[in-house]
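What follows is a set of notes on a single structure, which appears directly below.
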Amino acid sequence: MEDPNVPQQPQQPQAPQYGPQPQYQQPQAPQYGPQPQYQQPYQQPQYPQYQPKPVNGLGIAGFVLSLVGIIFFWVPFFNAISSLIGLILSGFGMKKKPNGLAIAGLVIGIIAFIVGLIWTIAAIVAVDATSDYIRSYGGLDW
């Protein structure tokens, strides 16, 4: 009893029938002739090693201290000490290569020492004159 209102289930399709499978054989490796003999193995090219530039530490230190001495020329005794040490280090730095900063430190150190010496003498004279002026008027009454 089949109800005409109920749809019928579709039939399963049949699997197609294939012919017999062909038989494959392992492929054979091709036969090559003997390999040529090379005379020299490959070598990587040789590059020159990195050589750092020479540095003159004494010349640099002398330059820096001389520069500090000329910047602080208005500080009486600090200037003389800094520029004098800068002069000494720059003098020793002149014996080494490269000596560009040592030469600059020597020149700046001489200028800084002279300017600082003049400034220090002027400060001492000013303090002495001020103390004489104060003493001539009876000192400070606080």
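Summary table
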item	result
Inter-residue pairs, beta-carbon under 6 Å, first closer than 22 Å to V115 by Cβ and in the stretch 53-70, second in a loop (DSSP other than H, G, I, E, B), 6+ apart	G59/N99
Residue list for the stretch 36-59, restricted to those being in a helix (DSSP H, G or I) and surrounded by fewer than 17 Cβ atoms within 10 Å (Cβ to Cβ)	G57
Residue count for the stretch 62-120, restricted to those that are surrounded by 15 or more Cβ atoms within 10 Å (Cβ to Cβ) and part of a loop (DSSP other than H, G, I, E, B)	5
Selected residue (only one of I134, I124, I118, I111 is closer than 30 Å to P54 by Cβ and of a type in the set (A, V, I, L, M, F, W, C))	I111
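Throughout, read-outs are computed from the coordinates displayed, never taken from laboratory work. Owing to the predicted nature of the structure, the values given are computational and were not obtained by experimental measurement. Virtual Cβ from ideal backbone geometry, glycine too; neighbours counted across all protein chains shown.
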